[in-house]
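Presented below is the structure to which this report refers.
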Amino acid sequence: IPIDEVYDGVHHGKVLGSGVEGVVRLVKHKTTGVEYASKSIDIGLIKDAESLQKLRNEISIMCQVDHPNIVRLEEVYQSESELFLVQELCPGGDLFDRLDAMPDYHYSENQCARLVKQMLSALLYL
């Protein structure tokens, strides 16, 4: 099933982020109305078999991960030119955005301790 038959916003949804690997857009499941983040990866940018294998390994690991401090991968779709990773939506943004919004660009000691604990919990899980 093509991804655009399941989700609205796949190609024209709000851009949540972008990088070398692709673009992340806000998508909405057509049946449930639940919002997700969809990362599209241009398959043409994958230069060699080794890079493709690394991507497959990463996706395989993401499919197995279930931890409250790690973004959950919901579904994977592939078209002729793109790979789509439908992930749990984290409406709070990333750590950089949160830090950027803080006065003087820093957290209190208690806030830092909580964040470090969450990150270490995720790393320990992996």
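None of the figures in this text is laboratory data; all of them are computed from the coordinates on show. Bear in mind that the values here come from a model prediction, so they are computed numbers and not experimental data. Virtual Cβ from ideal backbone geometry, glycine too; neighbours counted across all protein chains shown.
Can you give me the ranges of the helices (runs of 4 or more DSSP H) entirely in the stretch 30-126 with at least 3 residues that are touching a Leu at 6+ places or on another chain (Cβ under 9 Å) and surrounded by 12 or more Cβ atoms within 10 Å (Cβ to Cβ)? Break it down stepwise before answering.
Working: elements: 49-64, 95-101, 109-125.
Per the criteria, 49-64.
Search the stretch 35-71 for residues being of a type in the set (A, V, I, L, M, F, W, C) and closer than 14 Å to Val10 by Cα, and hand back the single one that is nearest to the chain's Cα centre (by Cα). Outline the logic, then answer.
Let us first name the residues in the stretch 35-71 that are of a type in the set (A, V, I, L, M, F, W, C), namely 37, 41, 43, 45-46, 49, 52, 55, 59, 61-63, 65, 70-71.
Applying the additional criterion that residues be closer than 14 Å to Val10 by Cα yields 37, 41.
On the way: Ala37: 6, Ile41: 11 Å.
Result: Ala37.
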